[in-house]
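Participant: Below are the structure tokens for one structure; questions will follow.
Bear in mind that the values in this text are calculations on the coordinates, not laboratory data. Not measured: the values here are computed from a predicted model. With ideal geometry, Cβ positions are generated from the backbone for all residues, glycine too; neighbour counts draw on all protein chains shown.
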Amino acid sequence: MPLDPQVEAMRAEREAANVPQLYTQTLAEARAADLASIQAAGGEVESVHHVEDLSTDAGLPLRVYRPDLAGPLPTLVYFFGGGWTLGSIETADGICRKLANAVPCQVITVGYRLAPEHPFPSAVHDCRDATQWIAANADKLQVDPARLAVGGDSAGGNLAIATTLLARDNGPALAAQLLVYPNTLYGSDTISMRNGDDPYLFNKTSVGWYWDHYLTDSADGLDPLASPLLADSHADLPPALVITAEYDPLRDEGEYYAEKLHAAGVPTTLSRYDGMVHGFFAMSGILDGGRNAMAEAATWLGGIFRDA
């Protein structure tokens, strides 16, 4: 189908204003523009019963969103997007607030280190360490260890997958993985990647720019913790919801990953949003598709937690 009318209107506004692509800016400019864009498209900032900033014993920043529920609480550890290069706890704030209220569950987002200052695998290690620390401090954080999940959008989805691959062998046990248009393969040459060349949307040049910042050497892209589609086995991973967008260069590799999980016997739900573009999950303030995807994610995760 064509671009969703709301997406088309957003794109037309960008073209009329000649909004520069993030990859044409300095890192400082791109990081500031990314935050401003996400906050503008995210809609109303929802109130959550308890919001607290804290750090792991190693000093890794976390933000806790806790609804008005009696503990121990089902908990989602959430990793923000931004191509491992942009993004922060602040850019994920709207998503985390909405999920905490809608599921409902506790959401803890992780301020992992960014590239190129801290290239692969720094972010992977941070996300793994944070998840292990949260599980080890379950009593303090009011976490139900039997209902601990991970999730993220874009690069955050990639990091969530890497965390499940590491946790499969070394713990903690994870109940679910919420994967929103995740990167799964460095250097992918899929149909959606080849077609993703719109100069006013996230495109294949954007994808390459992020990978170039994240990887010190292209050989690192063959590591399954960077390209999880290349993992030797996808068995025994937690149930997954994979959300993709029709007009997203990452669409095909996200859907291929869902197929890999399904073939390995992992309960997997794949949900493609026609007419949508990369980033739409964070645009629930201006896109009905974003609101619908958020509702689907909350309903799916709530069902996983109820059955755990």
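Participant: Can you give the relative contact order of region 5-307 as a percent, counting alpha carbon pairs under 8 Å and 6+ residues apart?
Facilitator: Relative contact order comes out at 19 percent.
Participant: Moving to a separate point now. Can you list residues whose amide H is under 5 Å from Asp144's amide H, if they're 5+ apart or on another chain and H is modeled 1.01 Å from N?
Facilitator: Leu73, Thr75
Participant: For Lys260, which lysines qualify as cross-link partners when the Cα separation must be under 30 Å and same-chain residues fewer than eight apart are set aside?
Facilitator: Lys98, Lys204
Participant: Let me ask something else about it. Evaluate Rg over Rh across region 60-217, taking Cα atoms for both radii and Kirkwood's formula for Rh.
Facilitator: 0.99
Participant: Can you pull out the GluC sites (Glu not before Pro) in region 198-274 whose DSSP state is coil and whose Cβ has at most 11 other Cβ atoms within 10 Å?
Facilitator: Nothing satisfies the criteria.
Participant: OK, next. For the chain, what is the charge dipole size about the Cα centre, in debye to the nearest 20, if Lys and Arg each add +1 at the Cβ and Asp and Glu each add -1 at the Cβ?
Facilitator: In total the dipole reaches around 500 debye.
Participant: Further, regarding this structure: What is the Cα centroid distance between region 41-111 and region 232-285, reported in whole angstrom?
Facilitator: 21 Å
Participant: A further question on this structure: Calculated from DSSP H runs of 4 or more alone, at -39500 (n - 2.57) each and per residue, what is the 222 nm mean residue ellipticity of the chain, nearest 500?
Facilitator: -12500 deg cm²/dmol
Participant: Using 1/(1 + (r/R0)^6) with R0 = 22 angstrom and r between the beta carbons of Ser233 and Asn170, what's the FRET efficiency to the nearest 0.05?
Facilitator: Calculated transfer efficiency: 0.90.
Participant: Continuing with the same structure: Rounded to the nearest 5, what % of DSSP beta bridges with both residues in the chain are antiparallel?
Facilitator: 30 percent
Participant: Related question: Taking only the alpha-carbon positions of region 5-307 and ignoring solvent, what does the Debye formula give for the base-10 log of I(q)/I(0) at q = 0.07 Å⁻¹?
Facilitator: Per q value, in the given order, log10 I(q)/I(0) is -0.23.
Participant: Just want the answer: with Cβ charges of +1 for Lys and Arg and -1 for Asp and Glu, which residue in Ala12, Ala100, His125 is farthest toward the dipole's positive end in region 8-130?
Facilitator: Result: His125.
Participant: Got a sec to turn the phi values of region 231-245 into Karplus ³J(HN,Hα) couplings, 6.51 cos²θ - 1.76 cosθ + 1.60 with θ = phi - 60°, whole Hz, x for Gly and Pro?
Facilitator: 4, 4, 9, 10, 6, 6, 8, x, x, 10, 10, 10, 9, 10, 10
Participant: Give me, ordered by chain and number, the residues 5 or more places off Gly42 or on other chains with an amide H under 5 Å from its own placed amide H.
Facilitator: Gly285
Participant: Then there is this: Show me, for region 160-171, the HN-Hα J-couplings you get by feeding each phi into the Karplus relation (A = 6.51, B = -1.76, C = 1.60, θ = phi - 60°), rounded to Hz, glycine and proline as x.
Facilitator: Couplings: 5, 4, 4, 5, 5, 5, 6, 5, 4, 9, 10, x Hz.
Participant: Using only Cα atoms, what is the ratio of the radius of gyration of region 152-303 to 2.2 N^0.38 Å?
Facilitator: This ratio for region 152-303 stands at 1.00.
Participant: What is the calculated FRET efficiency for Glu44 to Asp198, with r their C-beta to C-beta distance and R₀ = 25 Å, to the nearest 0.05?
Facilitator: 0.30
Participant: Quick one: which residues, 5 or more positions from His118 or on another chain, have an amide H under 5 Å from its amide H? H modelled 1.01 Å from N in the peptide plane, none for Pro or chain starts.
Facilitator: none
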